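What follows is calculated from the coordinates using simple rules that are stated; it is not laboratory data. Nothing here was measured: the structure is a model prediction, and the numbers come from that model. Cβ: placed from backbone, ideal geometry, glycine included. Neighbour counts: every protein chain shown.
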């Protein structure tokens, strides 16, 4: 009887294996579908409520403007954009060859509706209600009248998807609206289905798209909860390329394995975001410039680059802003020099009089800093704490998750922290990372530690300026300010490595959304 | 008061206490559902924050929120998740369906396999085959779940290409769903059976030294009769406790398996809700787990009484 049982079990296992192979074979239908694998999981099919879904929806609901690979902001849904001399009137001429996937024409009315609607209903766009006075339509153009000059309007409009008035005007709370089925889009593709159980967003070609024709009938976004499995999926051919918004690069430690297969190439770009050391300037001794300078000399940038980014990047400058941003200015490169760091501290009055290896602050007590460590960056946390120890500064590390970190830093419950800036984060507010430091902005991922009137005036001037040459000057001023005052210290400037299967070519990346932009999906084609 | 009445009273009190804890614990963590609602790139104005807090009921004092919480439970209204943009009951129903398909077969198979093989291993522990079997199960039992899941996925899905790498399904047909679930269920069964195997083996080893086993042998009963007619029933008690816990936590999902196989089950739901401080989802999930754990314990209590009548006296 026992032998029968074993035989039955073996037969059952064999059946399962055959079934597995058969189902696998049946699923191998490549067609003309481009498959993107991403660790950015979608939690709900809400294009305004789910951050990742919102990024993916740019393919079906393009933004009014877009960013080019060299960081310039140009029209996408708009044919052109003009701004009045006083910076208070913006005119966006809308393209007249855009059609929704059901054949209806996209009109300036849709664009006007989108911004009226977002200003009124989307908490993420609440700045619009305090900045935009009126929106009107004039000869195929949408005209925005502002109550103050705002140079960054066109850049802001590179992030909000244009909505279908017919659908959205009946939806009262946009961030609560979910739709797992088909959604009309006017981009080259539209969302055919969002299948959260399967972890796939299906895009189909918009039959009414009049621009450059995409080389694929459909695009699929496959989400993976585990990056190691996503790597296997790439190698196995389940997905053709990798994408992630925010910290966009493919894990550096897995790059070699992909290279070894001989089937992958990489789109390599400079990251606009970065990991940086943030300091609570409201507390002593961080409020002391000499102390910040000493800290900047105490960090071994090359080692951090080597250990945390495996050399994919470069040692940053004191000017914080990475070279991938527009109007980058060359400021002094950050340098590791422990002796110099100690000298600066000694000159500034920080001494170890009791010989316990820990420096004393100006109040005579040992310097013991509250180091708020985000669990996302364990290696750099450990390294930086080690460097500070070498300098004679003790840190009390408190490792926290994202929500606790936000709560703690908003309450200024820390001395030092390591956090990251995203590409959009670097562009928000007055551009060039100002949004992370200006104390007038609170919440989310920003540190809001700089209340220096000179810095805040500079931010206001940038936001009011509409002249390119003037902006370039201001950008240089901001970078000089960072270099001189060190409100934050970049730990390294890294590369964004986006792997793709060599069977596909024509990849195009922009500094804001990487390869997830309309131009890329019109340009990529299958070669092999 | 009768013993049954006392037991029911005890369980009801436990339910009240745990439900109250379910309300307090999420709120004791730093932050609230609004902290990271729109991601780190979006800074909200103070007026918008106030408006959203009021919409979510977070501006009310804890006492009022606690009354609202109980009002919701008594009216079977689990609230609304601002992070997942849906009623909590809808979210839970959709996740539970998949979680059950993943957990139930592995709990049942793991119980049957582990108990049966563990009993045989305890009975004939000196046989070379049983020794090898015990070593293998011990090895599985000691392997971190995340590692074993990844290894199985690497071998069977990536190298041999027998199973898909992720998700509950691709097309949604019954065969496709079975195909997707087979490997994760097998991995979970391995874990569950290895644990049950070790417990049952130890339990049988202990029971077979008792006098009643020697008496059964003296009566001239065959080995299998002694094991399955006399020892098995007594050795089963610790397994019943474990099974009651397994069934209790059947809706809590299997986080590691769900992460490795990219499955949106209850484990991932609870983890994400914890990270984003999604109180309604946390409360709803904990409520279901609480009811299941308490019910399973009640059932185990009754079963214990049947298997060992001495227990009913207490």
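Among B:31-42, A:445-456, A:488-499, what's the highest-first ranking by average C-beta atoms within 10 angstrom per residue?
A:488-499, B:31-42, A:445-456
From the mean inverse distance of alpha carbon pairs (Kirkwood) and the Cα radius of gyration, derive Rg over Rh for region A:84-197.
0.99
Across the residues of A:391-403, average count of Cβ atoms on other protein chains within 10 Å?
Going residue by residue through A:391-403 and averaging, the value is 2.
Provide Rg over Rh for region A:480-528; use the alpha carbon set for both Rg and the Kirkwood Rh (inverse mean inverse pair distance).
That ratio equals 1.25.
For region A:49-90, what D do you get in µm² per second when you plug the Kirkwood radius from alpha-carbon pairs into Stokes-Einstein at 37 °C and 0.692 mPa s?
Rounded, D is 272 µm²/s.
Could you work out the Kirkwood radius for region B:230-314, taking every pair of different alpha carbons, averaging 1/r and inverting it, reported in Å?
Computed over region B:230-314, the radius equals 14.6 Å.
With all distinct Cα pairs included, what does the Kirkwood hydrodynamic radius of region B:158-239 come out to in Å, to one decimal, could you say?
About 15.9 Å for region B:158-239.
Mind pulling the angle between the C-alpha long axis of helix B:88-123 and the longest principal axis of chain B? Nearest 10 degrees, somewhere in 0 to 90.
Taking the Cα atoms of chain B, the angle to B:88-123 is about 20 degrees.
Which three numbers, in whole Å and largest first, are the semi-axes of the equivalent ellipsoid of region B:269-314 derived from its Cα gyration tensor as √(5λ)?
Semi-axes, largest first: 35, 7, 7 Å.
Report the rotationally averaged projected area of region A:169-208 based on its alpha-carbon convex hull, in square nanometres.
One quarter of the hull surface, i.e. the mean projection, equals 3.5 nm².
If you consider only alpha-carbon coordinates, what radius of gyration and Dmax does the protein assembly as shown have, in Å?
That works out to 30.7, 107 Å for Rg and Dmax.
Hey, what angle do you get for helix B:174-207 against the long axis of chain B, alpha-carbon based, 0 to 90 degrees rounded to 10?
Once rounded, one gets 50 degrees.
How big, in percent, is the set of alpha carbon pairs in region A:364-509 lying more than 24 Å apart?
45
How big is the gap, in Å, between the Cα center of region A:360-430 and the Cα center of region B:240-263?
Centre-to-centre (Cα) distance: 36 Å.
In deg cm²/dmol and to the nearest 500, what is the mean residue ellipticity at 222 nm of chain B if only DSSP H runs of at least 4 residues count, each as -39500 (n - 2.57), divided by the residue total?
Taking each H run of at least 4 residues, the total per residue is -22500 deg cm²/dmol.
If you average the sequence gap of Cα pairs under 8 Å that are 6 or more apart and divide by the length of region A:352-439, what percent do you get for the contact order?
In percent, rounded to a whole number, it is 28.
Which whole number gives the average, over all residues in B:45-52, of C-beta atoms from other chains lying within 10 Å of the residue C-beta?
For this peptide, the per-residue mean of nearby foreign Cβ atoms is 4.
Can you tell me the Rg and Dmax of region A:270-334, counting just the alpha carbons, in angstroms?
13.0, 35
With axes computed from alpha carbons, what is the tilt in degrees of helix B:279-307 against the longest principal axis of chain B, rounded to the nearest 10 within 0 to 90?
20
For region A:186-277, take every pair of Cα atoms, bin their distances at 5 Å starting from 0, and report each bin as a whole percent.
P(r) for region A:186-277, in whole percents per bin: 3, 10, 18, 18, 18, 17, 11, 4, 1, 0.
Okay, helix-only estimate at 222 nm for chain A: each DSSP H run of n ≥ 4 adds -39500 (n - 2.57), divide by all residues, round to 500 deg cm²/dmol; what do you get?
-9500 deg cm²/dmol
Just how far, in whole angstrom, is region A:111-142 from region B:16-40 if you go by their alpha carbon centroids?
Each part's Cα centre sits 35 Å from the other's.
Give the distance, in whole Å, between the Cα centre of region A:202-221 and the Cα centre of region A:478-492.
Centre-to-centre (Cα) distance: 43 Å.
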